Amino acid sequence: MNYSIALIPGDGIGPEVVEPATEVLDAVGDKFGHVFNYVELEAGGKAIDSTGEPLPAETLEAAKQCDAVLLGAVGGPKWETLPGHLRPEAALLGLRSGLGVFANLRPAALLPQLKAACPLKDEVLMASHPEGKATFDLLIVRELTGGLYFGKKGRVDSSDTAARAAFDTEYYSWAEIERVLRAGYAAASVRRKKLCVVDKANVLESSRFWREVAAVVSKDYPDIETSYMYADNCSMQLIRAPGQFDVIVTSNVFGDILSDEASVLTGSIGMLPSASLGSPTDSLAKNDRPMGMYEPIHGSAPDIAGQDIANPLATILSTAMLLRYSFGLEKEARAIEAAVNAVLDNGLRTKDIANRSNTNHSNTAEKIVGTKAMGEAVLKALEQ
Ligand code: IPM
Ligand code: MG
């Protein structure tokens, strides 16, 4: 079958990690008989430089026409002094809301090969794991198109400097909360059937409202255990007992913060893919599947751009999520994940996931490679 994929390489290391990811997609296409047609689009700093706007209307329109979107990263110091709505990050927010991709799936699991890169001691990991293993496997479902990121914001001006002010608003409708909770329950139902709503209900009215919605929605999922946790406690629990979590559902801003924290536990933020999904019933749904945008959770990392040292695995793993969620190609998705696994088994590491301690958990010697070599190794593993 033929599929169209909007490709937004973006800034910094974005193009470097998207390139190997498309090569991997093409190899999977060859192997399983699919054709992926790419529509390359500009957004972020690149678009600011060529059009003056972070998200040109044509980019959003063209992305909507495609079957899925694959994005590298946007942003960099060059554009940091621009006003908020003209910064590269505005492109990301515009794409998320324009595509209606409200459920952001950020899996964080510790791969056995990367145990040495995890900053937690084995005892810590084992204490919270249901079977006492030194690992964890959790999924953060972050609300992505509402809350503090999109609520009313503004400035209060005054000639008196001390009286000047600025505000952002945490605003959530019942419908926004309900749909992301349902996305969380759907994910939990094919995992370990545990869902934890993370909020700040001891202080925030919007969080108390999340709990009201969750109390009603949870009734539809009697086989899933629903629990509640405050975000500050969750940030602590993630580093003292990560094994207790299966699916975490949370607001846009809490999900942003907690997913960075969780990523470090996996060894490197350079490993984590993400999927941002819309509703299967909205106008952008393709072939009964929700609109999806896929991106590594790391940023554009301008400090290491152009040096061939960035880890392409998060983007490569994002393509696996793309095949799974947007195209329903489970076998193909697993082939990519297996290839990444094989490469790690063989000891290949980009700098960020290299063993930082002297303890060697595996018998395989590690070999540090660059972005390109890592991409090529995944391609080779796919052919086997
Ligand atoms: C993320 C990023 C973005 C966010 C930034 C780049 C706007 O941190 O995807 O987590 O805050 O959502
Ligand atoms: Mg973030």
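Please work out the Cα convex hull volume for the chain and give it in Å³ per residue.
Given the Cα convex hull of the chain, per-residue volume reads 154 Å³.
Each residue of the range 248-254 was assigned a 3J(HN,Hα) from its phi angle through the Karplus curve 6.51 cos²θ - 1.76 cosθ + 1.60 (θ = phi - 60°); the sequence is 10, 10, 8, 6, 4, 6, 5 Hz, with glycine and proline shown as x. Which pairs break 28 Å Cα to Cα here: Lys46/Lys115; Lys194/Lys331; Lys121/Lys367; Lys64/Lys115; Lys46/Lys372? Cα-Cα > 28 Å for Lys46/Lys115; Lys64/Lys115; rest within. Taking the DSSP beta bridges with both ends in the range 1-141, the antiparallel portion is around 30 percent. Positive end of the dipole of the range 221-339 (Cβ unit charges, origin at the Cα centre): among Leu258, Pro280, Pro222, the Cα lying farthest that way belongs to Pro280. Highest mean packing comes first when the peptides 120-128, 298-306 are listed by Cβ atoms within 10 Å, giving 298-306, 120-128.
Taking amide H as placed 1.01 Å from N in the peptide plane, Lys200 has its amide H under 5 Å from the amide H of Ser207, Ala231, each at least 5 places away in sequence or on another chain. Considering only Glu366, Glu170, Glu205, the mean-square fluctuation computed in a Gaussian network model of the chain, springs between alpha carbons under 10 angstrom, is largest for Glu205.
Once the convex hull of the alpha carbons of the range 106-237 is built, what does its volume come to per residue, in cubic angstrom?
Cα-based convex hull of the range 106-237, divided per residue, equals 156 Å³.
Going from the fewest other Cβ atoms within 10 Å to the most, the residues Arg87, Arg142, Arg155, Arg191 appear in the order Arg155, Arg191, Arg87, Arg142. Listed by chain and number, the aspartates and glutamates whose alpha-carbon sits under 18 Å from that of Lys78, ignoring those within fewer than 8 places in the same chain, are Asp11, Glu42, Asp49, Glu53, Glu89, Asp303.
Please figure out what share of the DSSP beta bridges in the chain is antiparallel and state it in percent, rounded to the nearest 5.
The answer is about 40 percent antiparallel.
When both the range 22-87 and the range 238-283 are represented by their alpha-carbon centers, they are found 22 Å apart. Computed from backbone phi, the HN-Hα couplings of the range 21-28 come to 5, 6, 5, 5, 4, 5, 5, 5 Hz, rounded to whole numbers (Karplus: 6.51 cos²θ - 1.76 cosθ + 1.60, θ = phi - 60°; Gly and Pro given as x).
Karplus-based coupling profile of the range 106-117, in residue order and whole Hz: 10, x, 9, 10, 8, 7, x, 5, 9, 4, 5, 8, with θ = phi - 60° in 6.51 cos²θ - 1.76 cosθ + 1.60 and x standing for Gly or Pro.
Just so you know, all these numbers are worked out from the coordinates, no wet-lab data involved. Bear in mind that the values here come from a model prediction, so they are computed numbers and not experimental data. Neighbour counts run over all protein chains shown; Cβ positions are idealised from the backbone, glycine included.
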